[in-house]
Amino acid sequence: MKREVRIAVDRRNSAKASRALWAGLIRFNRTKACPLRYSRLVISARDRKGKFAGGVILQSYWKETYVELLWLSEKMRGDGVGSELIREAERQARRRGSILIHLNTYSFQAPRFYEKLGYRRFGTISGSPKGASRHFYVKRLSTPRRSPRG
């Protein structure tokens, strides 16, 4: 017997539907793998006066961390702030037990920036948007070495 299902864009209750979708996926994943251990972390960069100048958003689950986004104001670019943010993101990922960190960026954004920081490209989608590409990167994180007790 075929079930009747209505497919629709959920504009009115999208936040509620989104939470239900995530809850359903998490329940399913828990039956197939170890606990998700999901966390979301925002790391910000501020100027001397405390004005927001950019930051990075991380999503972590299992033993991996995903860089959801990195953004810096124009005047903060080129001074090493982006590298500091990514290094802090990596420190936080290691601290929570992640063994890898991954992200995606467009050809007009920062592929060379991530490559200089040791990220390896593992995939590309060309032509979206027109004339550009989306690149996918990963970096294995080394675990901090503990000094021997003596």
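The values are calculated or read from the model by the stated rules, or taken from the named source; none is laboratory data. Predicted, not measured: the structure shown is a model, and the values here were computed from it. Cβ placement follows ideal geometry from the backbone for every residue including glycine, while neighbour counts extend to all protein chains displayed.
Observations, loosely collected:
- Among the candidates Glu115, Glu64, residue that is within 21 Å of Arg134 (Cβ to Cβ) and exposed (fewer than 14 other Cβ atoms within 10 Å of the Cβ): Glu115
- Per this entry, Ser83 is not counted among residues that are polar (S, T, N, Q) and touching a strand residue (DSSP E or B) at 6+ places or on another chain (Cβ under 7 Å).
- Which numbered condition Arg30 fails, given (1) in contact with a Leu (Cβ under 8 Å, 6 or more places away or on another chain); (2) at pLDDT 90 or above: (2)
- When region 122-134 is filtered for residues that are loosely packed, with under 15 Cβ neighbours inside 10 Å and either among the polar types (S, T, N, Q) or in contact with a Pro (Cβ under 7 Å, 6 or more places away or on another chain) (or both), the ones remaining, listed by number, are Thr124, Ser126, Ser128.
- Just one residue in the set Glu90, Glu115, Glu68 is in contact (Cβ under 8 Å) with a residue 40 or more places away in the chain and within 15 Å of Tyr137 (Cβ to Cβ); that residue is Glu90.
- One residue from Ser98, Ser73 being within 14 Å of the chain's Cα centre (by Cα), closer than 26 Å to Gly118 by Cα and among the small types (Gly, Ala, Ser): Ser98
- None of Tyr106, Tyr137 is under 26 Å from Ile26 (Cα atoms), surrounded by 12 or more Cβ atoms within 10 Å (Cβ to Cβ) and aromatic (Phe, Trp, Tyr) except Tyr137.
- Selection status of Gly55, of a type outside the set (Lys, Arg), modelled with pLDDT of 90 or more, under 21 Å from Gly80 (Cα atoms) and surrounded by fewer than 10 Cβ atoms within 10 Å (Cβ to Cβ): no
- Which numbered condition Ala8 fails, given (1) farther than 29 Å from Lys139 by Cα; (2) at pLDDT 90 or above: (2)
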